[in-house]
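> Handing you a structure now.
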Amino acid sequence: MSFLNLHHVRYFRVIAQEQSIARAAERLNLSKPALSIQLKQLEQNLGQILFERRRGGLELTEAGRLALEYAEVIGRAGDDLLTVMQHGAAAAREVLRIGAVATLSRNFLLEFLRPALHRPNLEVVVRSGSLRELLVQLHAHQVDLVLSNHPARRDDRTAHHSHLLAEQAVGLVGVPAWKRKRLRFPAAFNAVPLLLPSLESNIRPGFDVLLAAAGVRPQIIAEVDDMATLRLLAREGEGLALVPTVVVRDELESGKLVEVQAIPQLRETFYAITPTRRLPNKIVGEMVTRMRPAAGRTASA
C-alpha cells in the first residue's frame, strides 16, 4: 500500500506555485536535486506524471491539476489544524482569494462579495489586474477564481471554465437635464457627446454596429476602460455614458443620474472563471450559485 508523505504534498504545492524546481528549491531552502527526488517520489506514489516541461517553465498535467486541488485542501487543513491546536478553534480562519479584472463594476463585485464579508473566520483577499494576468495567477493557484466580463478562452494547455453569473441591462445615462432633451435613439444621436467604454469592452462593438446601421456619427468625447471613471464622467454632465445600469445603480436611485435611453439589444455579462469545471471550495460554490442565473450555464470560449 502507498502512503502519502505530507512533506511531498507541501513541496508539490510550492513547485506548482513557482512553476520552477529552481525557484521552489530556493524558497524551500533545499537543493534542486533533493527537491527533484522528492517530486519523483510523489509521482511514483501517485502513479502519475504531475508536470510537463515547457518553454516558460513547468506546466501541470491534467493529473497534476487534479492532484493540486487535493493538495490545496490538505494544505489548508494542515494550517487549520496547527491554528486550532495552538490558539483554539475560534482562531481558525479560511482565506478566499478572488481576482477581479480592473474594469469590473465595483457594484457587481460588492454584490458578489457581500455573503463572504459577513462570514465569521473568513478572510477575503481581492486582487485586481488584467484578465491575462489574473488567469496566470489562477493557473498557479494564487487565486481561487477570477471575476470577469469575458469568458476565458480554452486551449490545449488550460482547462479554465467560465461560469455565467449574470447578464445586466445596458443604457445611456446622464444628468437629469439630458432626459428633457427627449432624444430618439439612434436617429437623433448625430453629434451627441458620448462617453464610451473602450473597444475591448463587451458592449462597445455592438453599440458601434447599432449606430453605423442607422448612419449616425456621435461626438465621442472620451473612451474609458474603467467603469468607475465612466460613472464619474457621467456625473459631470458633459455627455451621456454607455454603461451597464448596475454600474450607476446608486446614482440612479439618488437621482444624480437618469437613464436617458435603455438599449435592450446590448447586455453586459459577468463570469466566474475557475481552473476546472469543479468549483474550488464550498464557499465559492455558494457564492457562484447565489449569483448564477436559473439556467446555471457554463461557457467555454
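The values are calculated or read from the model by the stated rules, or taken from the named source; none is laboratory data. All of these numbers come straight from a predicted model, not from anything done at the bench. Glycine also receives a Cβ, built like all others from the backbone with ideal geometry; neighbour counts cover every protein chain displayed.
> Inside region 239-248, can you point out the residues that are modelled with pLDDT of 90 or more and farther than 15 Å from F207 by Cβ?
The one that is modelled with pLDDT of 90 or more and farther than 15 Å from F207 by Cβ: V248.
> Going through A188, A140, A166, A177 one at a time, which residue ends up being without any contact (Cβ under 8 Å) to a residue 12 or more places away in the chain and aliphatic (A, V, I, L, M)?
Values: A140 fails: without any contact (Cβ under 8 Å) to a residue 12 or more places away in the chain; A166 fails: without any contact (Cβ under 8 Å) to a residue 12 or more places away in the chain; A177 fails: without any contact (Cβ under 8 Å) to a residue 12 or more places away in the chain.
Being without any contact (Cβ under 8 Å) to a residue 12 or more places away in the chain and aliphatic (A, V, I, L, M) holds for just one of A188, A140, A166, A177, which is A188.
> Same structure again: Does region 45-81 hold any residues that are outside any helix (DSSP H, G or I) and buried (at least 17 other Cβ atoms within 10 Å of the Cβ), and which are they?
Of all residues in region 45-81, those outside any helix (DSSP H, G or I) come to 47-61.
Answer for region 45-81, where residues must be outside any helix (DSSP H, G or I) and buried (at least 17 other Cβ atoms within 10 Å of the Cβ): L50, F51, L58, E59, L60.
> Same structure again: Across region 181-194, which residue is surrounded by the most Cβ atoms within 10 Å (Cβ to Cβ) among those that are of a type outside the set (G, A, S) and more than 17 Å from A262 (Cβ to Cβ)?
Here is the first cut: in region 181-194, the ones of a type outside the set (G, A, S) are 181-186, 189-190, 192-194.
Retained after the next criterion (residues that are more than 17 Å from A262 (Cβ to Cβ)): 190, 193.
Numbers: N190: 13, P193: 15.
Filtering first and then ranking leaves P193.
> May I pose another question? Among the residues of region 227-243, write down those that are farther than 13 Å from G174 by Cα, out of contact with any Pro (no Cβ under 9 Å at 6 or more places or on another chain) and touching a residue at least 40 places away in the same chain (Cβ under 8 Å). Spell out how you get there, then give the answer.
Taking region 227-243 as the starting set, the residues that turn out to be farther than 13 Å from G174 by Cα are 227-229.
Adding the requirement that they be out of contact with any Pro (no Cβ under 9 Å at 6 or more places or on another chain) leaves 228-229.
Residue satisfying the conditions is A228 alone.
> Something else: Just checking, which of H141, H118 is closer than 30 Å to N5 by Cβ and at pLDDT below 85? Break it down stepwise before answering.
Working: H118 fails: closer than 30 Å to N5 by Cβ.
On inspection, the qualifying residue turns out to be H141.
> Something else about it: So which residues in region 95-112 are farther than 17 Å from D225 by Cα, surrounded by fewer than 20 Cβ atoms within 10 Å (Cβ to Cβ) and in contact (Cβ under 8 Å) with a residue 40 or more places away in the chain? Walk me through it before giving the result.
Taking region 95-112 and keeping what is farther than 17 Å from D225 by Cα, we get 95-99, 110-112.
If we keep only those that are surrounded by fewer than 20 Cβ atoms within 10 Å (Cβ to Cβ) too, we end up with 95, 97, 110-111.
Those that are farther than 17 Å from D225 by Cα, surrounded by fewer than 20 Cβ atoms within 10 Å (Cβ to Cβ) and in contact (Cβ under 8 Å) with a residue 40 or more places away in the chain: R97, E111.
> Report, by residue number, each residue of region 173-202 that is modelled with pLDDT of 90 or more and either assigned by TED's automatic domain parsing to the domain that holds L66 or within 30 Å of R290 (Cβ to Cβ) (or both).
Listed by number, the residues that qualify are V173, P197.
> Let me ask another. Evaluate region 17-27: report whether one residue or more is of a type in the set (K, R), over 24 Å from the mean Cα position of the chain (by Cα) and more than 30 Å from V248 (Cα to Cα).
Looking for residues that are of a type in the set (K, R), over 24 Å from the mean Cα position of the chain (by Cα) and more than 30 Å from V248 (Cα to Cα), one finds at least one in region 17-27, hence yes.
> Give the residues of region 1-29 that are surrounded by fewer than 18 Cβ atoms within 10 Å (Cβ to Cβ), touching a residue at least 12 places away in the same chain (Cβ under 8 Å) and in a loop (DSSP other than H, G, I, E, B), sorted by residue number.
Matches in region 1-29: S2, F3, L4, N5, S20.
> Can you tell me which of T289, T276, T298 is under 15 Å from the mean Cα position of the chain (by Cα), surrounded by fewer than 19 Cβ atoms within 10 Å (Cβ to Cβ), farther than 28 Å from V209 by Cα and modelled with pLDDT under 90? Lay out the reasoning, then the answer.
Details: T289 fails: under 15 Å from the mean Cα position of the chain (by Cα); T298 fails: farther than 28 Å from V209 by Cα.
Just one listed residue meets the conditions, T276.
> Another question about this same structure. Kindly indicate whether any position in region 234-248 is small (G, A, S) and within 28 Å of the chain's Cα centre (by Cα). Lay out the reasoning, then the answer.
Filtering region 234-248 for residues small (G, A, S) gives 234, 237, 239, 241.
Next, from what is left, pick out any that are within 28 Å of the chain's Cα centre (by Cα): 234, 241.
For region 234-248, residues small (G, A, S) and within 28 Å of the chain's Cα centre (by Cα): present.
> Does region 85-96 contain at least one residue that is within 23 Å of R292 (Cα to Cα) and modelled with pLDDT of 85 or more? Before you say what the answer is, go through the steps one by one.
From region 85-96, those within 23 Å of R292 (Cα to Cα) are 95-96; that's our starting set.
Filter once more, so that each one left must be modelled with pLDDT of 85 or more: 96.
Yes; the residues of region 85-96 include at least one that is within 23 Å of R292 (Cα to Cα) and modelled with pLDDT of 85 or more.
> Moving on. For region 30-45, name all the residues that are out of contact with any His (no Cβ under 9 Å at 6 or more places or on another chain) and in contact (Cβ under 8 Å) with a residue 24 or more places away in the chain.
The answer is L35, and nothing else.
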